[in-house]
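Beneath this line is the structure, given in structure tokens, with notes to follow.
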Amino acid sequence: MRARLREALFAACRRARAIERRELRDLRRWVETTDNLLHLSVLLFVPLLIAVVTTLSNAVSALPYLLFPPLASGTYMLFANPESRYASPGRFVGGITLGALCGWLSFEAASHLLPAATGGIVHPGAAAGAVALTAAATWLFDVEEASAFSAALLVLVSDLATGPAVVLPGIALDPRAAYVISVFLSTTLVAGVFLVWRERLYEQRAAYLYGTTHGDDHVLVPMRGETAEETAMMGGRIAAAHSGGKVVLLDVLDGVDADALAARRGEADPESVDEADAERVRETAERLNEVAERVHEATEVPCEVIVASGDPATTALDSAERANCDLIVTPYETEDGALAPYVRRVLSGPVDAIAHRSMGPTRWRRVLAPIARPGDSAHAMMDFAARLAGEYGRVSACTCIGSEVERRDAEHRLANIVETFDAPVETRVARAEITEYITENAGAYDLVMIGSSGGRSAASRLISPPTFERIREVDCDVAVVDCSGR
């Protein structure tokens with residue numbers, strides 16, 4: 001009874017850990033979408049910063065509560081649109097502070113030049129002057145900031161919130177002067193936090209969030225078909241992008257005695273091995289070593305070889321795990337006009353995978369990456385495309401739309417994906433059907449890199465087959481990327 005209870009507890013713990021890992025993986029994938037990361041940052045940083053300023057306001061009477069409306073709206077705009085022309089710390093601090101200063105000047109001018117207002121607490125002329133002066137000043141100094149106008153108007157009533165004067169240690173300040181100073185200090189605090197967040201987190205999010213930028217540098221290449229060497233070169237060039245990269249060439253033999261493979265590794269007596277099997281293993285290893293030397297000469301990446309037997313897909317996945325490989329690059333294969341079962345199993349396995357349909361080249365300077373939606377596959381495609389294109393190549397990220405109303409959102413999605421990569425990437429939004437666009441433009445590229453649509457349901461794939469299955473004839477290489485195992 002006690003043993004069964006212990007086993008049940010262990011099983012429950014294992015399930016809980018599995019659920020936790022799955023939820024963490026799903027959360028990371030959710031955060032990989034730039035818009036989701038921005039929403040999360042707004043939820044975390046804007047309330048936290050307002051809480052900090054509120055704490056200071058409660059402790060220091062020189063920080064009136066009226067500064068919070070422009071501060072909160074301006075802070076939101078910073079974190080929600082960090083790539084916009086208005087997301088500048090200098091513009092944020094200068095614009096809101098200048099607005100408060102213009103409101104103060106307008107109040108003083110109205111107090112001396114205009115008769116006192118009746119039936120209200122703020123002179124209409126002061127309000128109009130504050131807005132007009134703010135518009136002119138922010139335009140003149142190129143610090144347009146929407147929150148500047150609320151700061152300009154709120155300074156007109158700051159004495160109602162803080163009393164006739166604000167006293168600092170040994171100094172008596174007019175409440176409007178204190179308001180201007182408090183706006184400058186609080187916006188400077190917010191701008192400093194935003195600058196650190198943008199440079200250390202947002203602009204470096206690829207290194208923190210996207211697995212391919214710090215992985216997929218140990219590449220396994222199953223040597224199958226007539227274009228296996230070209231595929232091995234692709235694996236080598238992907239691995240060469242990282243200093244610790246390596247390539248493992250794998251050949252799976254049918255009907256070979258396990259002792260022959262063990263003898264080659266020095267784990268069995270060669271005299272007890274079938275001579276024919278031993279010869280097959282030896283010839284295969286020599287052929288793989290020749291290819292490994294050529295790949296090493298072209299890419300300067302260390303190359304290893306493995307000769308194994310068994311089911312091709314299962315052996316490939318097992319060999320990737322044993323050789324500590326985090327990416328499989330396999331030749332593309334078809335069967336009865338559709339993707340071969342072997343390739344499907346590799347693409348759907350627990351390791352990132354690429355199926356390469358080769359037309360012969362071993363350099364891919366011009367790469368087209370059609371992107372349907374943000375996510376793992378999109379970031380992986382851009383990363384692999386940038387590695388293959390190299391320093392002097394060109395990568396084009398494109399997406400297709402059905403109507404012009406979709407263009408702006410499509411451009412925004414592409415920009416969020418490509419801006420995380422240092423390589424020069426151009427973006428294209430085409431009003432066309434994706435297969436027609438690829439077919440018409442493939443001739444200008446060396447490689448088209450496509451997502452495998454592994455995240456789609458079986459019904460969805462049946463109604464609309466994946467793009468790579470619909471482009472039969474294109475004038476360049478095709479690489480199908482699947483990162484569902486991450």
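The values are calculated or read from the model by the stated rules, or taken from the named source; none is laboratory data. Given the structure is predicted, the values throughout are model-derived calculations rather than measurements. With ideal geometry, Cβ positions are generated from the backbone for all residues, glycine too; neighbour counts draw on all protein chains shown.
So which of 266, 255, 225 is of a type in the set (Gly, Ala, Ser), at pLDDT 85 or above and either assigned to a loop (DSSP other than H, G, I, E, B) or under 43 Å from the mean Cα position of the chain (by Cα) (or both)? Break it down into steps so the answer makes sense when it comes.
On the way: 266 fails: at pLDDT 85 or above; 255 fails: at pLDDT 85 or above.
Testing whether each residue is of a type in the set (Gly, Ala, Ser), at pLDDT 85 or above and either assigned to a loop (DSSP other than H, G, I, E, B) or under 43 Å from the mean Cα position of the chain (by Cα) (or both) leaves just 225.
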>> Looking at the structure I just gave you, is residue 300 at pLDDT 85 or above and acidic (Asp, Glu)?
In response: yes
> Taking the stretch 319-343, which residues are within 13 Å of residue 452 (Cβ to Cβ) and modelled with pLDDT of 90 or more?
Replying inline: 328, 330, 332, 343
> If you check residue 316 against the conditions, is it in the same structural domain as residue 234 (by TED's automatic domain parsing) and surrounded by fewer than 16 Cβ atoms within 10 Å (Cβ to Cβ)?
Replying inline: no
> If a residue has to be in contact with an Asp or Glu (Cβ under 9 Å, 6 or more places away or on another chain), part of a loop (DSSP other than H, G, I, E, B), crowded, with 19+ Cβ neighbours inside 10 Å and not small (Gly, Ala, Ser) to count, how many in the stretch 363-414 make the cut?
Replying inline: 1
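Can you confirm whether the stretch 382-396 contains a residue that is in the same structural domain as residue 256 (by TED's automatic domain parsing), over 18 Å from residue 225 (Cα atoms) and under 27 Å from the mean Cα position of the chain (by Cα)?
Just the residues of the stretch 382-396 that are in the same structural domain as residue 256 (by TED's automatic domain parsing), to begin with: none.
Among the residues of the stretch 382-396, not one is in the same structural domain as residue 256 (by TED's automatic domain parsing), over 18 Å from residue 225 (Cα atoms) and under 27 Å from the mean Cα position of the chain (by Cα), which makes the answer no.
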> Any idea which of (1) at positive phi; (2) at pLDDT 85 or above; (3) not acidic (Asp, Glu) is the one residue 170 doesn't satisfy?
Replying inline: (2)
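Okay, residues lined up against (1) out of contact with any strand residue (DSSP E or B) (no Cβ under 6 Å at 6 or more places or on another chain); (2) under 20 Å from residue 483 (Cα atoms):
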position: 379; (1), (2): yes, yes
position: 400; (1), (2): no, no
position: 404; (1), (2): yes, no
position: 424; (1), (2): yes, no
position: 436; (1), (2): yes, no
position: 440; (1), (2): yes, no
> Hey, among 128, 148, 132, 109, which residue is modelled with pLDDT of 85 or more, crowded, with 21+ Cβ neighbours inside 10 Å and assigned to a helix (DSSP H, G or I)?
Replying inline: 148
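For residue 445, are the conditions met, namely being within 20 Å of residue 392 (Cβ to Cβ) and modelled with pLDDT of 85 or more?
Numbers: within 20 Å of residue 392 (Cβ to Cβ): yes; modelled with pLDDT of 85 or more: yes.
It is true that residue 445 is within 20 Å of residue 392 (Cβ to Cβ) and modelled with pLDDT of 85 or more.
Is there a residue being in a loop (DSSP other than H, G, I, E, B) and either within 26 Å of residue 427 (Cβ to Cβ) or aliphatic (A, V, I, L, M) (or both) anywhere in the stretch 327-340?
Here is the first cut: in the stretch 327-340, the ones in a loop (DSSP other than H, G, I, E, B) are 332-333, 336-337, 340.
Applying the additional criterion that residues be either within 26 Å of residue 427 (Cβ to Cβ) or aliphatic (A, V, I, L, M) (or both) yields 340.
Yes, because at least one residue in the stretch 327-340 is in a loop (DSSP other than H, G, I, E, B) and either within 26 Å of residue 427 (Cβ to Cβ) or aliphatic (A, V, I, L, M) (or both).
Between 290, 283, which is among the acidic types (Asp, Glu), within 46 Å of the chain's Cα centre (by Cα), at pLDDT 90 or above and under 20 Å from residue 222 (Cα atoms)? Working first, answer last.
Details: 283 fails: at pLDDT 90 or above.
After ruling out the rest, the residue left standing is 290.
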